[in-house]
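All of the numbers you see were taken from the coordinates with simple rules; none came from a lab. These numbers were taken from a predicted model, which means no experiment stands behind them. So basically every Cβ, Gly included, is an ideal-geometry build from the backbone, and we count neighbours across all protein chains shown.
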Amino acid sequence: MAEAVRAVLAMRPDPGAGSPWYLVVDDPSSQPGVDESLLSLADGVTGTRGSPEEEGPGGPPGVFVAGVYERGAHGESLLEVPSWATLAAHDGPLVGTRLLDLRAGVLWREVRGEDGSTLRSARWACLARPGTNVLVALGTSEVLEVKTGSELVELHTSTGGGVTAIVETVRDDGRGRPEGHDTHLARVSTFATSSRRSPSKKVAAAAHERARQAGLVALLDEQRTAWDERWSEADIEIDGDDELTRSVRLALFHLMSSVPDRGEAGVGARGLSGGDYAGHVFWDADMFVMPVLAATHPAAARTMLEYRIRRLPAARRWAAASGRKGARFPWESGLDGSDVTPRSAVDGRGEVVAIRTGLMEEHITADVAWAAWQLASWQGSWDFLDGPGRRLVTETARYWASRVRHDDAGRAHIDHVIGPDEYHEDVEDNAYTNQMAAWNLRRAADVVLRRGSDAERGEARAWRAVADAVVDGWDPVLGRHHQFVGFDALEPLLVADVGPVPLAADRVLGHARVAASQVIKQADVLMLHHVIPEAVPAGSLAADMDYYLPRTAHGSSLSPAVHASLLARLGRLDEAVAYLDMARRIDLDDTTGSTAGGLHLATLGGLWQALVMGFAGVRLTGPDDDALVLDPHIPDAWRELRLRLRWHGHVVRLGCRGGGVEVQCSVPLRVRVGGAPATVVEPPGAWVAPPGA
Ligand code: IFM
């Protein structure tokens, strides 16, 4: 064992001069709690925060288990289990560095204490064996003075789920070795989890035995291979900006490790990196995280949609409870898909405020349908929408058809909602909600009219009629959208009058004043341009941007990346880069003061989307897209934006530079760049640019 520990630790990479594959953090942390989120390790089943192993300030690491919830006085929350990675407490700080190797998925640590104690460790969450975690350590005995042997941990939750973990620790004090008396430690912990019943001990024991048999060095090799495979289909590199490359790789690393590729995945707003938002699943999962996986690792995107599919019965009940048909997804959901949004909270000023999003933030129902369509669009196949995903689109459409209110003129309205901009509650005809509902109705009709019985086709035609009647907020005179009825009459306050962005304007101005003003929290009308650009009037992005950007506080971490994406599409590259920078710093620099509670997974997904949909200009409309559509807008400071994507079942490598794209593919690929007619790129690839570029 000692040799294996040494062999593993000898593989610690040299981070070189700022290589963008590594994140290096001081120990003890200069951003306590924040670095622990940034350095967290997950495998889609377990997530372990990147805290020091020893008990004491900052440690031991918090461990979260995907899909297993506990019901307590404050509602339902994702289960946090005792840390499998705890080592002995140490008097006085251990000082050194922690290094997250993004390429291999390993957290390396080297520290020493004033008393001469030392510790070198490596730990990883096995991507190829979800639920298995490994820790190896070498150090002076007092740090590694822990119980050895095999421990069985069994937890049962109040929601009927459970966790069984086998934590096996082997220690060798190195006595009699020529290289010294350092203690070697190896710990393998294997988790079996179940959201609704006690997991089988046998399953955990069998997985544990397989990991033991493999041995530490083979487990590390396997980890490196598994991550190599992931990166080969997902990596992004910005030639000319290593900091940005590191940030987007960090984002991809956490997105890919937060979601398993089997079963179902209810991905909480903070993934498996922290307990904020109680692990509840928001639109963050469907709109921000899922697309990244759809384009890089579709099996994981599919598990996220499977989570929604399995909660359709609860969504039907939620619709029926408000007297509607079809399926209504709740704003926040957990174990069983019922609404778990809290109804009140204490705000930053210590006041108890009502939370109305659970009752009114209804756009999530269309967002789920959008996610299903998005997966099919990346895959270039109707299989999912004709099969398991069909009801996600049709039952949500049925909800909207029963949700709208028709006026005497036959126009369809949606009253009493909250749009993405949560500063304004209980509004009428929110452009985002209405247009997403109309889009949902139209896409459901597309699905049904392709393949459906006569009765279904009749209903589908009715959906199209409802979609056509929905008020969309478009003002042809002003040439822009109204966010909701009455928005223009609110106090015409601009964010610049309140403070620098990003800004929690509700805290600065108070809830009542912000609600009565035109200051908005996040992309709302502009979100439409981001997710369904084909459905908004051609050329309207610039006018909507000019109007809404100066009014946007970016009080939600979801906002800056969306603006970066849209500004890039508009060719306003200096501003786009500034918003991209704002987005990437949200977790790295804890600019919202909330990263200690976990990473903002939606922001990480938004960063990827800004680069892919914004700067590279990838455009999808549906499974029948006949070409990969790109419209790159690349800042001068970037020599090249290099992307790897999986489009229509094939891995494509793109090198976007001013004016065109280097396309590499293993099959002939139709590509359309910058609005030019499609060209067929033959393997191994070609440079494609619109005429005159
Ligand atoms: O889903 C978001 C919402 O858009 C803004 N408030 C925080 C939520 C969870 O991230």
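Could you work out how much longer the chain between R196 and A489 gets when fully extended? Use 0.36 nm per residue separation minus the Cα distance between them, nm to one decimal. Intermediate values should be presented prior to the final figure.
Details: separation 293, 0.36 × 293 = 105.48 nm, distance 5.02 nm.
Separation in residues times 0.36 nm, less the Cα-Cα distance, equals 100.5 nm.
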Roughly how many whole Å is it from the C-alpha centroid of the range 308-374 to that of the range 124-151?
40 Å
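For the range 181-251, what relative contact order do you get, as a whole percent, if you take Cα pairs closer than 8 Å and at least 6 residues apart? Write down the numbers at each step before the final one.
Details: 23 pairs, mean separation 12.7, N = 71.
Over the range 181-251, the number comes to 18 percent.
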Neighbour cut-off at most 10 other Cβ (10 Å), DSSP loop, trypsin sites (Lys or Arg not before Pro), the range 134-224
K147, R175, R197
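Counting helices only, and only those DSSP H runs with n ≥ 4, report the 222 nm mean residue ellipticity of the chain as the sum of -39,500 (n - 2.57) divided by its residues, in deg cm²/dmol to the nearest 500.
On the way: 21 runs with 224 residues, N = 693.
After summing the helix terms and dividing by the residues of the chain, the value is -9500 deg cm²/dmol.
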Please provide three numbers in whole Å: the alpha-carbon extents of the range 600-693 along the principal axes, with the largest listed first.
39, 31, 22
Segment D581-E682, extension gain: residue separation times 0.36 nm, minus the distance between their alpha carbons
32.8 nm
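Efficiency by 1/(1 + (r/R0)^6): what FRET value for A538 and L478, r their Cβ-Cβ distance, R0 = 22 Å, to the nearest 0.05? Write out the running numbers ahead of the final one.
Values: r = 16 Å, r/R0 = 0.73.
According to the calculation, E is roughly 0.85.
If you take the beta carbon distance between D468 and A637 as r and set R0 to 51 Å, what does 1/(1 + (r/R0)^6) give as a FRET efficiency, to the nearest 0.05? Working shown, then result.
Working: r = 45 Å, r/R0 = 0.89.
It comes to 0.65.
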I want to make sure I understand the PRE zone here: with the label point 7 angstrom from the Cα of R310 toward its beta carbon, which residues in the range 328-358 have backbone N atoms less than 20 Å away?
328-341
Spatial extent of the range 238-300: Rg and Dmax, with the Cα atoms as the point set, Å:
12.7, 40
Per residue, how much space in cubic angstrom lies within the convex hull of the C-alpha atoms of the chain?
164 Å³
Relative contact order [Cα under 8 Å, 6+ residues apart], the chain, whole percent
11 percent
Between D497 and A10, 0.36 nm times their residue separation minus their Cα-Cα distance comes to what?
169.8 nm
Charges only on Cβ, +1 for Lys and Arg, -1 for Asp and Glu: so what's the dipole of the chain about the Cα centre, in debye to the nearest 20?
2080 debye
Kindly provide the trypsin sites (Lys or Arg not before Pro) of the range 586-693 that DSSP labels as loop, not H, G, I, E or B, and whose Cβ sees at most 16 other Cβ atoms within 10 Å.
R639
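Assuming R0 = 56 Å, what is the FRET efficiency of D415 and H181, from their Cβ-Cβ distance, to the nearest 0.05? Write down the numbers at each step before the final one.
Working: r = 74 Å, r/R0 = 1.32.
So, using R0 = 56 Å, E works out to roughly 0.15.
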May I ask for the distance between the Cα centers of the range 625-650 and the range 537-572, given as a whole number of Å?
21 Å
Volume per residue (Å³) of the convex hull spanned by the alpha carbons of the range 378-456 is 120 Å³
So which lysines pass the test for K201, namely a Cα distance under 22 Å, with those fewer than 8 places away in the same chain ruled out?
K147
Loop only by DSSP, 12 or fewer other Cβ within 10 Å of the Cβ. Give me the trypsin sites (Lys or Arg not before Pro) in the range 283-361 that pass, ordered by residue number.
R343, R349
